[in-house]
Amino acid sequence: TLQTAKTKRGVELLNSDDHKGLITKKLGKSLEEFRPDIVHQSMLALLDSPLNKAGMLQIFIRTEQNVVIEVNPQLRIPRTFKRFSGLMAQLLSKYKIRGEHSSEFLLKIIKAPVESHFPVGSPKVGLSVEGKLVNIDKYVEEKFAGNETVVMAIGAVSKGHPGKEAQYVEEVIGISGYPLSAACCCFKVTSAFEKKWGVLCSMTINNKVDCGSCS
């Protein structure tokens, strides 16, 4: 979950390392629920991907509290978790983050539900270790037409299956017989679409993947 709290250092994004007492004693919740580092790792994998650099990826984040965040593909996400935490705490307090020398929003909280922002009729696929096991490269190549937007739901959590449990998901797949990190799933999915759309050879910008990370 992405959740802030006021501490002696100010408003901070809660995480299992720095806020153990507050999470377990004051909030009465499990430390496993507060892993924003997984969201950070996933965003790094997605934003750094050739798919995103080719203008063919849109990221949405839906939190456990059903807060929906739209991520500008041009966002240069902080490389360190400390700076990332500060950025997200600012976003959750102010609802929007602008570019330093631009009026363009890099991150903003938008109206829920997240599925209202997906293109009408787009296929919606969730990832889960409990889903039907597929070869992701072959699945993407054979399943989707060359010019359609595809929604992929990936759970950026340490436990649970939000990619499977999202109400809008029409099909649930697994891409490995082993549990994978969310960042690894993001890399494998973006790589599959890069191969499908020839991103490494030429940049065809009519197609797009909407990637909904659930945290």
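The values are calculated or read from the model by the stated rules, or taken from the named source; none is laboratory data. A quick note: this is a predicted structure, and the numbers were derived from the prediction, not measured. In this analysis, Cβ positions are derived from the backbone assuming ideal geometry, glycine residues included, and neighbour counts consider all displayed protein chains. With ligands, DNA and RNA removed, areas are computed over all heavy atoms of the protein, side chains included. Shrake-Rupley method; radii C 1.70, N 1.55, O 1.52, S 1.80 Å.
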Next on the checklist: At 1.4 Å probe size, with the rest of the protein present, what percent of the exposed accessible area of the chain is carbon and sulfur atoms?
Outcome noted: 50 percent
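Kirkwood Rh over alpha-carbon pairs of the chain, then Stokes-Einstein at 37 °C and 0.692 mPa s: what D in µm² s⁻¹, rounded to an integer? The partial results should precede the final answer.
On the way: Rh = 17.8 Å.
In µm²/s, the coefficient rounds to 185.
Which links in Lys29/Lys124; Lys82/Lys195; Lys108/Lys195; Lys53/Lys108; Lys124/Lys159 stretch past 27 Å when you go from one Cα to the other?
Among Lys29/Lys124; Lys82/Lys195; Lys108/Lys195; Lys53/Lys108; Lys124/Lys159, the Cα-Cα distance tops 27 Å for Lys29/Lys124; Lys82/Lys195; Lys108/Lys195.
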Checklist entry - Mean shadow of the range 109-197, computed from the convex hull of its alpha carbons, in nm²? => result 6.1 nm²
Item to check | Extreme residue, positive dipole direction of the chain, given options Ile136, Val125, Val114 (C-beta unit charges) | outcome: Val114
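Taking the Cα centre of the range 13-73 as origin, sum charge times position over the Cβ atoms of Lys and Arg (+1) and Asp and Glu (-1), and report the length of that vector in debye to the nearest 20. Show your work: numbers first, answer last.
On the way: 7 positive and 8 negative charges, 34 e Å.
Charge dipole, the range 13-73, about its Cα centre: 160 debye, nearest 20.
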Item to check | Helix-only [θ]222 nm of the chain, DSSP H runs n ≥ 4, -39500 (n - 2.57) each, per residue, nearest 500 | outcome: -8000 deg cm²/dmol
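Length gain on complete extension for the stretch Lys111 to Glu165, per 0.36 nm per residue less the alpha carbon to alpha carbon distance?
Residue separation times 0.36 nm, minus the Cα-Cα distance, leaves 17.4 nm.
Which value does Rg/Rh take for the range 50-145 over its C-alpha atoms, Rh per Kirkwood? Present the calculation step by step, with values, prior to reporting the outcome.
On the way: Rg = 16.1 Å, Rh = 15.8 Å.
Checking Rg against Rh, the ratio lands at 1.01.
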Checklist outcome for this item: Within the under-14-Å Cβ sphere about Ser191, not counting Ser191, Lys/Arg +1 and Asp/Glu -1 give a net charge of +1
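Among DSSP beta bridges lying fully in the chain, give the percent that are antiparallel, nearest 5.
Details: 15 of 36 bridges.
Just about 40 percent of them are antiparallel.
Kindly rank 18-31, 56-69 from highest to lowest mean number of other beta carbons found within 10 Å of each residue.
Values: 18-31: 13.4, 56-69: 19.5.
Ranking the peptides 18-31, 56-69 by packing returns 56-69, 18-31.
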